[in-house]
Amino acid sequence: MTSQAAPAGRTLRRAAFVGAGLAALFLAGCGTDTSKTEGTKIAVGVVKGMTARLSPKRSAGPATVPDPEKLAASAMTSFKGPLILAQIEKAGLLTALGETGRNGAVRTFATPNEQTLVLRNGLLTATRGLGDDLMSAKTGAAEGLILRRQTGTADRIYRYLDGEGIERPLPMTCTVTTGPAKSFDFAGRHYDTKQVDESCQATSTALTVSNSYWVTADGTVALSRQWIGPALGHVTIQLVRP
Amino acid sequence: MRGQKIAGIGLTTVAALGALVAYAEPTLAPSPGTFGLPGLIDMPTAESNPEGIITASVFRFPGALRITATFQVTDRLGGAFRYSRVPGIFTNGTALYDRSFDVQYRVLDEKGWRPALAIGLRDFIGTGVYSGEYVVASKTITPRLRATAGLGWGRLGSHGDIASPFGSRPVLDIGEGGKANTDQFFRGPVSPFFGLAWAATDKLTLKAEYSSDAYDRETTAGTFSRDSSVNLGFEYRFNKSASLTGYYLYGSEVGLQFNLTVDPRRAPAPSGLESAPLPVRPRPAPSADPAAWATDWTADPEVHPGVQSALAKALAKDGQVLESMALSATRVEVRIRNQKYLSQPQAVGRVARALTRALPPSVETFVITSMASGMPTSSVTLRRSDIERLESEGSVEILRTAEFTDPLTGPNTGLVPTPGTYPRFVWSLSPYGEASVFDPDDPVRADFGVQLAGRYEFAPGLILSGSLRKKIVGNLDESTRVSDSTVYHVRSDLVEYQKQGDPGIHDLTLAWYARPAPNLYSRVSVGLLERMYGGVSGEVLWKPVDGRLALGAEVNYVKQRDFDTLFSFRDYDVATGHVSAYYDFGKGFLGQVDVGRYLLGDWGATFTLDREFANGWKVGAYATFTDLSEADFGEGSFDKGVRLTIPVSWTTGKPSVNKVTTVIKPLNRDGGARLDVDGRLYETVRSTHQGDMQIQWGRFWR
């Protein structure tokens with residue numbers, strides 16, 4: 001049973017992709033038509049990533065942990081609007097975010113890299129540009145409990161895109177409890193807060209998550225540790241300038 | 001045309017969250033057999049892979065080499081395509097190279113005491129070296145132990161048969177191969193087989209079976225000796241996608257198998273590594289700022305150009321081209337070309353938000369028209385107040401308010417082209433590669449080189465494009481294979497093009513895309529249309545923006561190009577063309593039928609079925625039947641193949657409109673061959689139409 005078989009014409013695009021690995025060694029695609037050069041760029045990225053992994057690690061020196069106070073101070077001089085500091089626990093990087101949009105109670109804060117956290121009265125309702133983002137969240141009655149520093153039970157809905165890109169709701173039932181009082185100073189402001197903990201149980205799976213807020217008497221969330229989603233984990237948000 | 005009627009796109013299947021939140025794996029996952037689909041070793045089981053899973057495996061032992069790709073088409077239906085090498089059994093003791101297809105359908109699920117039950121056909125079209133049918137039952141005994149027993153016919157009934165319940169098995173009339181061997185199914189001797197699979201750990205599965213395959217032809221050829229019917233094996237899973245299987249086979253041989261699993265729903269990178277969208281900027285309440293809502297700005301001739309220029313800049317930063325804009329006191333229409341986002345709703349959603357930041361408050365109606373190849377293909381009409389109100393809600397809320405229309409039914413007045421959009425020129429210099437697989441003399445040959453491509457757009461829809469290739473390294477020209485086709489070689493001289501077409505003009509065409517009437521699209525292309533043919537190609541497509549059905553017609557008059565792939569032609573010309581029907585069955589299944597005349601002048605039809613995922617992955621299969629006789633067609637009897645499309649954004653997590661498409665054809669012959677012209681209309685317009693946009697609507701607020 002002998003025969004030749006060969007790729008059809010369309011296959012050339014695939015072939016260009018396959019061939020890119022080798023080609024990356026002698027030529028990186030260039031031009032203004034990104035539909036044609038992208039394959040090469042990816043391949044070059046892959047090759048670079050592999051060589052970086054294979055080559056012995058250069059001593060990076062001690063990781064510099066930015067001082068939150070210093071970061072806040074420099075952000076306050078360079079940005080005039082409302083500011084927060086945020087640290088995604090899995091990524092580890094502490095970043096200042098400035099308010100770039102306001103729609104009713106919803107405020108959008110952006111990093112210099114154009115990634116955003118969206119807060120409604122201090123409660124996280126969406127992220128963008130981080131990858132596997134929280135699309136939106138219905139904070140419902142939990143919001144009132146948290147801001148009034150009251151205990152109680154409330155429903156929440158988180159929404160994410162699934163592996164196909166279809167939006168899926170993640171309904172949760174949350175129990176809000178209050179904890180100890182805490183006073184602290186940050187970025188030139190004094191906060192007298194009470195800890196409010198929110199423990200949420202997914203209604204359809206075994207997933208449980210927890211959020212913590214340090215809320216002032218007037219309902220300002222001065223500091224919080226909130227769950228973004230299954231992929232991103234928790235983010236800590238510190239209010240810098242309301 | 002309001003969104004409501006189709007808004008139930010399965011948004012709230014909470015069960016689907018299982019996959020999102022926690023990837024709970026059963027203790028005993030289906031494990032591939034030597035034929036690729038879930039199985040014991042050589043014997044099948046009643047297990048199925050999860051729906052949508054794609055696998056690839058390479059199995060080798062002295063009696064065979066099998067390279068198999070599988071796809072779980074639905075929850076119950078799985079299919080496999082295989083390329084195999086069986087040493088010693090072809091003429092003069094040479095190896096048989098063969099392609100084969102399998103299907104398996106799970107009839108019953110395991111429930112209580114009842115085992116799962118499946119029915120399957122192996123190598124059911126083709127030359128039949130692996131042909132066999134089976135009914136198999138599998139039962140979970142403990143969470144880690146599963147037992148399987150079944151009955152096999154054909155090859156699977158060749159050892160230890162007990163009866164021939166459905167009569168004797170007719171001798172296979174191979175002919176040119178490639179046809180379903182229906183008269184053989186479940187005929188002849190039937191043999192029992194059975195086995196066990198035990199998950200020793202979460203990564204290691206051990207398997208044992210009693211095989212009913214006699215390996216008659218292999219043992220006759222002396223490639224191995226079948227000393228026992230018992231096979232033993234283990235599968236070790238490195239991670240969720242890769243595993244290694246080892247076997248001790250038939251009491252005499254060792255076999256090895258490497259397996260890869262790809263789940264189109266599990267991207268290697270997080271989705272959405274991109275710049276965040278601009279947030280909505282709501283308008284002040286009319287009572288708070290009545291002056292802002294005045295409409296006297298319409299009298300100012302500076303406003304329209306000023307807004308358009310600012311908007312064009314903002315959109316350009318986001319990878320979109322504002323081709324034209326019409327602005328009145330209460331309504332705006334923008335025509336955009338999305339060059340960045342695979343999902344058109346994401347592009348539309350970003351434009352909508354940019355509009356809230358650029359337009360005077362009195363403009364309440366946003367009409368966002370998508371452009372494809374210079375044609376306006378769909379308009380999404382949104383109320384600005386809905387965009388302001390629903391920014392933080394689920395995407396289905398804004399979908400309910402969105403109205404999809406054909407741009408040609410709109411007012412179409414006052415559209416002002418954005419200065420500097422046309423003419424427009426883009427170019428690229430990039431590497432290319434071309435491979436030939438399945439060549440028995442040398443299974444993999446390849447060329448690598450550089451491709452210079454350019455595209456000049458004179459005006460919307462009028463496009464000159466071309467590409468030039470120069471090989472740098474490769475061995476495709478070393479092929480000594482000469483087409484054995486007895487009819488005119490309309491396609492099978494590919495090797496000659498590969499040998500002589502260096503450097504070559506791959507294509508050079510002038511194309512004109514237009515909208516002759518509502519629901520109608522047209523294309524005319526002239527020039528060197530593809531590597532082997534040049535001429536003129538004309539196409540019309542009827543596709544309502546909200547319709548599942550589309551109809552098209554294409555007529556081409558082409559001449560075969562010389563092997564040197566420059567400007568000269570061979571002495572062969574043909575009028576070829578098709579009428580086509582396309583239908584979106586829903587749940588990601590798309591069908592296509594093309595009826596017409598092929599490059600050889602043969603008449604017939606091509607049937608295509610694709611499974612398309614919302615994220616752009618596509619797995620499809622096609623078959624072409626024409627009036628060319630099987631003898632004239634040659635090996636394979638008719639043209640068939642499978643195709644796979646993977647979006648680049650899936651692999652990187654970064655936005656991109658590009659996709660990588662592979663067509664795997666077992667044979668490249670002359671019957672049922674179609675012209676390969678670029679820019680066919682259905683694929684050009686579909687992603688901007690209502691059906692596709694609703695499926696991908698979850699990205700509107702991305």
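The values are calculated or read from the model by the stated rules, or taken from the named source; none is laboratory data. These numbers were taken from a predicted model, which means no experiment stands behind them. Neighbour counts run over all protein chains shown; Cβ positions are idealised from the backbone, glycine included. Heads up: the accessible areas ignore ligands, DNA and RNA and are worked out on the full protein's heavy atoms, side chains in. Shrake-Rupley method; radii C 1.70, N 1.55, O 1.52, S 1.80 Å.
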| Around B:GLN308, what is the net charge, scoring Lys/Arg as +1 and Asp/Glu as -1 over all other residues with Cβ under 12 Å from its Cβ? | -1
| Mind listing the Cα extents of region A:68-241 along all three principal axes, in Å, largest one first? | 46, 37, 30
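Looking at the P(r) of the protein assembly as shown, how many percent of alpha-carbon pairs lie beyond 47 Å?
34 percent
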| query | Among A:THR175, A:THR236, A:ALA72, whose Cα lies farthest out toward the positive end of the dipole of region A:68-241, if unit charges sit on the beta carbon of Lys, Arg (+1) and Asp, Glu (-1)? | reply | A:ALA72
| task | May I ask for the equivalent-ellipsoid semi-axes of region B:385-511, computed as the square root of five times each C-alpha gyration tensor eigenvalue and listed largest first in whole Å? | result | 47, 22, 17
| query | Rounded, prolate or oblate: which fits region B:279-421, taking a ≥ b ≥ c as square roots of the Cα gyration tensor eigenvalues, rounded meaning a/c under 1.5, else prolate when a/b beats b/c? | reply | oblate
| B:ASP75 accessible area, 1.4 Å probe, all protein chains in place, Å² to nearest 10 | 80 Å²
| B:LEU468: accessible area at probe 1.4 Å, nearest 10 Å²? | 80 Å²
| query | Label B:ARG383 and B:THR91 with points 7 Å out from Cα along Cα→Cβ: what is the distance between them in nm? | reply | 7.6 nm
| Which value results when the Cα radius of gyration for region A:111-168 is divided by 2.2 N^0.38 Å? | 1.30
| said: At 1.4 Å probe size, what's the solvent-accessible area of B:MET375? Round to the nearest 10 Å². | reply: 0 Å²
| request: Sum up the charges of everything whose Cβ sits under 10 Å from the Cβ of B:GLN104, counting Lys and Arg as +1 and Asp and Glu as -1, but leave B:GLN104 out. | output: +1
| field | Rg(Cα) / (2.2 N^0.38 Å) computed for region B:454-594, rounded to two decimals | value | 1.27
| task | Sum -39500 (n - 2.57) across every DSSP H segment of at least 4 residues in chain B, then divide by the residue count to get the 222 nm mean residue ellipticity, nearest 500. | result | -3000 deg cm²/dmol
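For region B:221-269, go through all pairs of different Cα atoms, get the mean of 1/r, take its inverse, and jot down that Kirkwood value in Å.
Every distinct Cα pair counted, the radius reaches 12.9 Å.
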| task | Would you tell me the mean number of C-beta atoms belonging to other protein chains that fall within 10 Å of each C-beta in B:662-672, as a whole number? | result | 4
| With no solvent and one point per C-alpha, what does the Debye sum give as log10 I(q)/I(0) for region A:160-242 at q = 0.10, 0.12, 0.13, 0.25 Å⁻¹? | -0.32, -0.45, -0.51, -1.19
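Tally Lys/Arg at +1 and Asp/Glu at -1 over every other residue whose Cβ is under 13 Å from the Cβ of B:ALA517; what's the total?
It works out to a net charge of +1.
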| query | Expressed as an acute angle from 0 to 90° and rounded to the nearest 10, what is the orientation of the C-alpha long axis of helix B:303-317 relative to the principal long axis of chain B? | reply | 30 degrees
| said: Just to confirm the filter: which trypsin sites (Lys or Arg not before Pro) across region B:566-609 are DSSP coil and have at most 15 other Cβ within 10 angstrom of their Cβ? | reply: B:LYS587
| Accessible surface buried once B binds A (1.4 Å probe; total of both sides; Å²) | 6800 Å²
| remark: Any aspartates and glutamates whose Cα falls less than 18 Å from that of B:LYS499, other than same-chain ones fewer than 8 residues away, would be B:GLU434, B:ASP439, B:ASP441, B:ASP442, B:ASP447, B:ASP477, B:GLU478, B:ASP484, B:ASP507, B:GLU530, B:ASP562, B:ASP564
| task | Over all directions, average the projected area of the Cα convex hull of chain B and note it in nm². | result | 33.3 nm²
| task | With r as the distance between the Cβ atoms of B:ILE141 and B:VAL482 and R0 = 60 Å, compute the FRET efficiency 1/(1 + (r/R0)^6) and round to 0.05. | result | 0.60
| query | Which FRET efficiency value, to the nearest 0.05, do you get for B:ASP75 and B:ALA316 by plugging their Cβ-Cβ distance into 1/(1 + (r/R0)^6) with R0 = 41 Å? | reply | 0.35
